[in-house]
Structures are given as structure tokens and as C-alpha cells.
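Read the structure below first, then the notes.
The values are calculated or read from the model by the stated rules, or taken from the named source; none is laboratory data. In this text the structure is predicted, and so the values were computed from the model without any measurement. Because the Cβ atoms are built from the backbone with ideal geometry, glycine has one as well, and the counts that use them run over all protein chains shown.
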Amino acid sequence: MKKKYFKPDLNKGFPAGKKINYECGLCGESVESLPEHFATCRCENISVDADSARVTVKDNQKIKFFRC
Ligand SMILES: [Zn+2]
């Protein structure tokens, strides 16, 4: 399926949804915004902890958002 990139307003927090994914600008790996428990990209710039609904991004400039 084709990726549709979008730019969310991060002041409102990170967007999350079944079709929303994050793409790391450092390692290029995609991370689900709603993983079952926990997800991180290969370089650990982006990590998502579903249990506490927390998204941690080390470098905010190195993340892209897309729906698919
Ligand atoms: Zn990464």
C-alpha cells in the first residue's frame, strides 16, 4: 500500500491510530503508532510504549508520519 505522508501538529502530541505509522529519519525503519505492547526502530530513535501510550523520540527532526 502507498504511504501517505502528513505533518501533524506536534504541540498536540504525537498522532496515533491503526493506520498511522512513524518513519525514522535516521535508520529508515517504520514503527507502528499502535503496537501491541512496545515497538522501536532499529536505531531506537523512535520508541512507542503502547501500555503507557507514550511515544519517545530522541530527535524530533528525524521522524516522519504516514498513513497506509
Ligand atoms: Zn531509527
Given the criteria within 16 Å of the ligand (Cβ to nearest atom), within 17 Å of ARG67 (Cα to Cα) and surrounded by fewer than 12 Cβ atoms within 10 Å (Cβ to Cβ), does GLY17 qualify? no
In region 32-50, what count of residues is obtained for those that are under 19 Å from CYS68 (Cα atoms), of a type outside the set (Asp, Glu) and either modelled with pLDDT under 95 or not in a strand (DSSP E or B) (or both)? 4
Subset of region 32-49, residues free of Cβ contacts under 8 Å to residues at least 24 places away in the same chain and closer than 16 Å to GLY13 by Cβ, comes to SER33, LEU34, SER47, ASP49
Would you pick out the residues in region 15-38 that are over 21 Å from LYS4 (Cα atoms) and touching a strand residue (DSSP E or B) at 6+ places or on another chain (Cβ under 6 Å)? PHE38
Sort out which residues of region 50-67 are loosely packed, with under 15 Cβ neighbours inside 10 Å and either within 10 Å of the ligand (Cβ to nearest atom) or touching a residue at least 12 places away in the same chain (Cβ under 8 Å) (or both), and write them in order of number. ASP51, ALA53, LYS58, ASP59, ASN60, GLN61
Which pairs do you get when a residue that is within 14 Å of ASP49 (Cα to Cα) and part of a loop (DSSP other than H, G, I, E, B), found in region 16-31, comes within reach of a residue that is near the ligand (Cβ under 9 Å from one of its atoms) and polar (S, T, N, Q), reach meaning Cβ atoms under 7 angstrom, with the pair 6+ apart or on two chains? none
